[in-house]
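For reference, the structure is listed below as structure tokens.
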Amino acid sequence: MQTTRLGRTGLVVSRLCLGMMSYGLPAWRPWVLDEAASRPIVKHAVECGINFFDTADMYSAGESEVLTGRFLREFCRRDEIVVATKLFHPVGLEFSSGMAAKGGGRRPPPNTHGLSRKRIFHAVDASLERLGMDYIDLYQIHRWDPATPIEETMEALHDVVKAGKVRHIGASSMWAWQFAKAQEVARANRWTPFASMQNHYNLAYREEEREMIPLCRDQGVALIPWSPLARGFLAGNRRADDATAGATTRARSDEIAPKLYYRASDFATVERLGTLAKAKGVSNATLAYAWLLHKGVTAPIFGATKLPQIDQAVAAVELTLSAEEVAQLEAGYEPHPVLGHS
Ligand SMILES: NC(=O)c1ccc[n+]([C@@H]2O[C@H](COP(=O)([O-])OP(=O)(O)OC[C@H]3O[C@@H](n4cnc5c(N)ncnc54)[C@H](OP(=O)(O)O)[C@@H]3O)[C@@H](O)[C@H]2O)c1
């Protein structure tokens, strides 16, 4: 497995990060695997040399962090691995999709979400307890909090770094101006800046190429995009009637994917990907990850619900693409509205 530095930090990470959102409680989202089904997949990822794992407090209402900690304690040495988690959303089974409770009911109770000083101090301790670890390598803000002054957030994040609970901090989907503002506030006050950006970027959604990616490259911020396979859409087995006749549990039950993808132009992207993948004798998934690795990404954060999916991701690290092949994959892309900030 190839490794690289996480942005300008000294942290060494594998060129692939395993997304732990797929492991936890099926009661949270039907396509999530339970502990028994998850264990061999995570074990195989570790055996393939992956040392970078991304979870969040909200995934499976905390159970994803519990399993992440349990598996990594079982399979790895703590000093070799890089554990990333996130905070922002409320944590609870009723909040499976962010801020809105299931069925549109209850709003999250006060102080149980967002990026206030109180919330950050509480959330970091709760994550450490669930992980069963005494520090987090990369602590990320899952979203921008418009209700809290960014100075309060950046100082509190700096304080959890200085307290030894967190080694580095990162951010996730937001507008480029918000990220630039946060970095400036940190720099001006000599607080810890973000080392990484976990954004929404894949062959079917490339709007980040406009502002966020050039900003991060200029500033030496690591790019660790989420959903590199567009939640499975790029794999080639998704159809317009997935909700009723989908090929996999996730195809049938992932309520977010149809809001982000499934446009006619997205199906055309999959068609192009499939044509080149066939010509190169690799799977769509391998080629989609390889494309990202050729675009200056540090490590895509990929999801896997079956053992061979790990192997197909690992194969991407060694796959070389010519400039013509990259251009062939990108030709015909149609701009999307900004998606994935909420
Ligand atoms: N920061 C954020 O806001 C945010 C948002 C979303 C995700 N994330 C992070 O990103 C990680 C990955 O997200 P994701 O699961 O949506 O990523 P993804 O890699 O785009 O999609 C994963 C899905 O693709 C399918 N798949 C994977 N490999 C395949 C293969 N070789 N052949 C066929 N199908 C394959 C599987 O679906 P099937 O089960 O249908 O086979 C799998 O569940 C998460 O675990 C989380 O850590 C972060």
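The values are calculated or read from the model by the stated rules, or taken from the named source; none is laboratory data. Values in this document were obtained by computation on a predicted structure and should not be read as measured data. Heads up, the Cβs are rebuilt from the backbone with ideal geometry, glycines too, and the neighbour counts pull from every protein chain shown.
Could you grab the pairs with beta carbons closer than 7 Å, sequence gap of 6+ or different chains, first residue in region 247-262 and in contact (Cβ under 8 Å) with a residue 40 or more places away in the chain and under 15 Å from Gly236 (Cα atoms), second one near the ligand (Cβ under 8 Å from one of its atoms) and assigned to a helix (DSSP H, G or I)? If the second residue must be near the ligand (Cβ under 8 Å from one of its atoms) and assigned to a helix (DSSP H, G or I), the pairs left are Tyr261/Phe233. Annotation for region 234-244: at least one member residue is within 27 Å of Leu215 (Cβ to Cβ), in contact (Cβ under 8 Å) with a residue 12 or more places away in the chain and surrounded by 21 or more Cβ atoms within 10 Å (Cβ to Cβ). Within region 53-74, is even one residue part of a strand (DSSP E or B) and either touching a Lys or Arg at 6+ places or on another chain (Cβ under 8 Å) or surrounded by 22 or more Cβ atoms within 10 Å (Cβ to Cβ) (or both)? Within region 53-74 (the criterion being part of a strand (DSSP E or B) and either touching a Lys or Arg at 6+ places or on another chain (Cβ under 8 Å) or surrounded by 22 or more Cβ atoms within 10 Å (Cβ to Cβ) (or both)), the answer is yes, since at least one residue qualifies.
Taking Ala279 as the residue in question, decide whether it is of a type in the set (A, V, I, L, M, F, W, C), within 29 Å of Gly24 (Cβ to Cβ), free of Cβ contacts under 8 Å to residues at least 40 places away in the same chain and more than 10 Å from the ligand (Cβ to nearest atom). For Ala279, the condition - of a type in the set (A, V, I, L, M, F, W, C), within 29 Å of Gly24 (Cβ to Cβ), free of Cβ contacts under 8 Å to residues at least 40 places away in the same chain and more than 10 Å from the ligand (Cβ to nearest atom) - is not met.
Scanning region 17-59 for residues that are farther than 23 Å from Thr4 by Cα, more than 11 Å from the ligand (Cβ to nearest atom) and either of a type outside the set (A, V, I, L, M) or in contact with a His (Cβ under 7 Å, 6 or more places away or on another chain) (or both) gives Pro26, Trp28, Asp34, Glu35, Ser38, Arg39, Pro40, Asp57. Return yes when Asp137 is in contact (Cβ under 8 Å) with a residue 12 or more places away in the chain, buried (at least 21 other Cβ atoms within 10 Å of the Cβ) and among the acidic types (Asp, Glu) and no when it is not. In short, yes.
Residue-level analysis places Arg119 outside the set of residues that are modelled with pLDDT of 95 or more, exposed (fewer than 15 other Cβ atoms within 10 Å of the Cβ) and either part of a helix (DSSP H, G or I) or more than 21 Å from the chain's Cα centre (by Cα) (or both). Condition first: modelled with pLDDT of 95 or more, of a type in the set (D, E, K, R), closer than 19 Å to Thr9 by Cβ and more than 23 Å from the chain's Cα centre (by Cα). Can you find one or more residues in region 260-271 that meet it? No, there is no match, as no residue in region 260-271 is modelled with pLDDT of 95 or more, of a type in the set (D, E, K, R), closer than 19 Å to Thr9 by Cβ and more than 23 Å from the chain's Cα centre (by Cα). When region 251-264 is filtered for residues that are buried (at least 22 other Cβ atoms within 10 Å of the Cβ) and of a type in the set (D, E, K, R), only Asp254 remains.
When Pro90, Pro40, Pro109 are checked against the criterion of being more than 23 Å from Ala171 (Cα to Cα) and assigned to a loop (DSSP other than H, G, I, E, B), Pro109 stands alone in meeting it.
Within region 225-236, the residues that satisfy the criterion of being within 6 Å of the ligand (Cβ to nearest atom) and either out of contact with any Asp or Glu (no Cβ under 7 Å at 6 or more places or on another chain) or of a type in the set (Asp, Glu) (or both) are Trp226, Ser227, Pro228, Leu229, Ala230, Gly232, Ala235. The condition of being in a loop (DSSP other than H, G, I, E, B) and more than 10 Å from the ligand (Cβ to nearest atom) holds for only one of Val326, Val314, Val338, that being Val338.
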